[in-house]
Amino acid sequence: MMERRYAIITGADGGMGREITRAVAAAGYYVIMACYNPSAAEPVRQRIAEETGSGQLEILQLDLASMASVSAFADTILERGIPVALLMNNAGTMETGLHITVDGMERTVSVNYVGPYLLTRKLIPLMGKGSRIVSMVSCTYAIGKLDFPDFFLRGRKGGFWRIPIYSNTKLALLLFTLDLSERLKERGITVNAADPGIVSTDIITMQQWFDPLTDIFFRPFIRTPKQGASTAVGLLLNEEAEGQTGTFNVNNHPKALSDKYVHHIQRRLLWELTEERVRQWL
């Protein structure tokens, strides 16, 4: 009898999350759908189960804006002793106003970076050689900037502005990916980042990003959730991705990062400050 393979996908009921969940379930994995609202996710689970014929789909509640929720979710997985083959950090948000979490962090920072950081760190003991970690980043990392301690507290130095804050979180998640890949390389656990491109999802509408005229220009470049998810799906499932680690991927291919990011001057500091933030839950 074939050993059961487990995958954990955050935001599994969202646009790209559904596509990733569908592909991973179809590949024969037992998928734990980590979702903010389980009741809203249930119809999605049922639909994917019908489409794939998979009876191995389970929903567990996860609120990445609460470190207590992230810790409780991970503790449940740890208590069950589930061997994690795939971890997909897919969930994300772009807040439309300044919202501070119960942990004293700007909500975008918590959901897009600190929550995935804590979740990943806590689940590593359940991973082994061949396990894959993939995080959904964005080309906007290139305009990201990390000002401490403002990054954690307000997303950026100065007033609230959703696009720079979103970009800052994606830079942080990319740097975490690069750092973690080096730390886990000897254990045979791969860690990679996927850029979905500009995707039509619940997170953003084009009006939030661009004025109407620019919207008309960019509209042909908008990708469907399935197209946006394809790079992440490849990193999770393709044989060619076996052993590939510490890479930034676009359109199903690794894309070289400049030394500015590979050897980012704040990379180690970011790790240390984030460790301090989450230490009580580790």
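Based on what the data block shows, is Thr108 within 19 Å of Arg162 (Cα to Cα) and buried (at least 17 other Cβ atoms within 10 Å of the Cβ)? Even if it seems obvious, please write down each step before you answer.
Working: within 19 Å of Arg162 (Cα to Cα): yes; buried (at least 17 other Cβ atoms within 10 Å of the Cβ): yes.
Yes.
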Study note, to complete from the structure: Those residues of the range 35-44 which are part of a loop (DSSP other than H, G, I, E, B) and touching a helix residue (DSSP H, G or I) at 6+ places or on another chain (Cβ under 7 Å) amount to none
Exercise for review: Determine the pairs where a residue that is surrounded by 10 or more Cβ atoms within 10 Å (Cβ to Cβ), located within the range 271-282, has a partner that is of a type in the set (Val, Ile, Thr) with Cβ atoms under 8 Å apart, the partner being 6 or more residues away or on another chain.
Suggested key: Thr274/Val114; Arg277/Val114; Val278/Val114; Trp281/Val70
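From the list Ile32, Ile9, Ile20, pick out the single residue that is under 13 Å from the mean Cα position of the chain (by Cα), buried (at least 23 other Cβ atoms within 10 Å of the Cβ), in a strand (DSSP E or B) and not acidic (Asp, Glu). Show your work before the answer.
Working: Ile32 fails: under 13 Å from the mean Cα position of the chain (by Cα); Ile20 fails: in a strand (DSSP E or B).
Matching residue, one of Ile32, Ile9, Ile20: Ile9.
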**Study point:** Search result, residues across the range 45-93 that are of a type in the set (A, V, I, L, M), surrounded by 17 or more Cβ atoms within 10 Å (Cβ to Cβ), within 19 Å of the chain's Cα centre (by Cα) and assigned to a helix (DSSP H, G or I)
**Key:** Met67, Val70, Ala74, Ile77
Review point. So, of the residues in the range 257-282 that are of a type in the set (A, V, I, L, M, F, W, C) and touching a helix residue (DSSP H, G or I) at 6+ places or on another chain (Cβ under 9 Å), which turns out to be farthest from Ser71 (Cα to Cα)?
Key: Leu257
Point to revise | Considering residues of the range 82-126 that are touching an Asp or Glu at 6+ places or on another chain (Cβ under 8 Å) and acidic (Asp, Glu) only, the residue nearest to Gly155 (Cα to Cα) | key: Glu106
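Here's the yes/no breakdown for (1) of a type in the set (A, V, I, L, M, F, W, C); (2) at pLDDT 90 or above; (3) more than 21 Å from the chain's Cα centre (by Cα); (4) within 30 Å of Gly104 (Cβ to Cβ):
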| position | (1), (2), (3), (4) |
| --- | --- |
| Ile165 | yes, yes, no, yes |
| Lys170 | no, yes, no, yes |
| Ala193 | yes, yes, no, yes |
| Phe210 | yes, no, yes, no |
| Phe217 | yes, no, yes, no |
| Leu236 | yes, yes, no, no |
| Gly243 | no, yes, no, no |
| Ala256 | yes, yes, no, no |
Check your understanding: Does the range 254-270 hold any residues that are more than 30 Å from Val233 (Cα to Cα) and surrounded by 10 or more Cβ atoms within 10 Å (Cβ to Cβ), and which are they?
Key -> Leu269
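How many of the residues in the range 258-270 are without any contact (Cβ under 8 Å) to a residue 40 or more places away in the chain and under 30 Å from Gln227 (Cα atoms)? Steps first, please.
Going through the range 258-270, the residues without any contact (Cβ under 8 Å) to a residue 40 or more places away in the chain turn out to be 258-260, 263, 265.
Keeping just the survivors that are under 30 Å from Gln227 (Cα atoms) gives 258-260.
Qualifying residue count, the range 258-270: 3.
The values are calculated or read from the model by the stated rules, or taken from the named source; none is laboratory data. In this text, all values refer to a predicted model and were calculated from it rather than measured experimentally. As a convention, Cβ positions derive from the backbone with ideal geometry for all residues, glycine included, and neighbour counts pool all protein chains shown.
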